[in-house]
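See below for the structure under consideration.
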Amino acid sequence: MVSAFFLFCGCVDQASVGVVEKWGRFLRLAEPGLHFFNPFAGECVASVLSTRVQSLDVRVETKTKDNVFVQLICTIQYRVVKEHADDAFYELQNPQQQIQAYVFDVVRALVPRINLDDLFEQKSDVAKAVLLELEKVMGDYGYSIEHILMIDIIPDAAVRRAMNDINAAQRLQLASVYKGEAEKVLLVKKAEAEAEAKYLSGVGIAKQRQAITDGLRENILNFSHSVSGTSAKEVMDLIMVTQYFDTIKELADGSKNTTVFIPHGPGHVKDISEQIRNGMMEASSSNL
């Protein structure tokens, strides 16, 4: 639009800066808003640069210290410094390509000094080194590097499979150790329980025998006092015979039991080994 003074007006958007030239020479920077230009004096807007944060993804292929080829994906967030927009416009023809070249240079100089396993832990150090180098270089061209993000590290497919196999083997080994420890605890607890059970069983048997002994002694004393002229041995033999017949009765009542009777004397007159031998001899002779 032409005014009475032969002036043209133009508008620069928010978050942008205009580069104004006069007869092809840099004149000034145009802030966001309305501006008037005199085309008859050679004034014009050469370019409008955005001051917003821009993102550039760079994929770098290199190798590690242990000779494993990996691909690193970096995201560089940068912006044009408004006060130095003229440097950003006149000094660099392709800023993205310049940033990419410096990322390649720094990464391929640093990563070959690091092993693959350490690279996953030190990726922030790699990103910091790239940031320092880009800030030092791109600042002279009117660009500000905001952030460097190392978003992914991609080893070769065969290397990834090998790493997964190693991880799986380590986890299986750890699981075996835990399983062995659990079985050990179970065995120890089982042994402790058996020992405690045997101890309590022994205590019960001891108390049972003590009670039987006390009962026998009381019976012998009562019988001796009740029947005059009887000795303690006779009373003991009578009690043993009574217990013997009670045992025979219990064995006979058990329908599922298979019982073999061997000739013996309830008074324990003969030795038990001699009684067994005699019983076997009698059985052999009866078969003849």
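Data table
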read-out: Qualifying residue in segment 84-99 (condition: in contact (Cβ under 8 Å) with a residue 40 or more places away in the chain, surrounded by 17 or more Cβ atoms within 10 Å (Cβ to Cβ) and within 15 Å of Leu149 (Cβ to Cβ)); value: yes
read-out: From Phe36, Phe40, Phe69, Phe26, residue being more than 18 Å from Ser144 (Cβ to Cβ), out of contact with any strand residue (DSSP E or B) (no Cβ under 9 Å at 6 or more places or on another chain), modelled with pLDDT under 90 and open to solvent by 70 Å² or more (accessible area, probe 1.4 Å); value: Phe40
read-out: Whichever residue in segment 166-194 is polar (S, T, N, Q) and open to solvent by 100 Å² or more (accessible area, probe 1.4 Å) and, among such residues, is modelled with the highest pLDDT; value: Gln173
read-out: Index of the failed condition, Leu149 passing every other in (1) more than 28 Å from the chain's Cα centre (by Cα); (2) not in a helix (DSSP H, G or I); value: (1)
read-out: Residues being in contact (Cβ under 8 Å) with a residue 24 or more places away in the chain, within 16 Å of Glu83 (Cβ to Cβ) and assigned to a strand (DSSP E or B) - total across segment 15-46; value: 7
read-out: Answer residue from segment 43-66, given it is closer than 18 Å to Gly18 by Cα and out of contact with any Ser or Thr (no Cβ under 7 Å at 6 or more places or on another chain) and is most open to solvent (accessible area, probe 1.4 Å) among those; value: Arg52
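The values are calculated or read from the model by the stated rules, or taken from the named source; none is laboratory data. Just so it is clear, the model here is predicted, and its values are computed rather than measured. Neighbour counts run over all protein chains shown; Cβ positions are idealised from the backbone, glycine included. The protein model used for the area step is the full one, side chains on, heavy atoms only, and it has no ligands, DNA or RNA in it. Shrake-Rupley method; radii C 1.70, N 1.55, O 1.52, S 1.80 Å.
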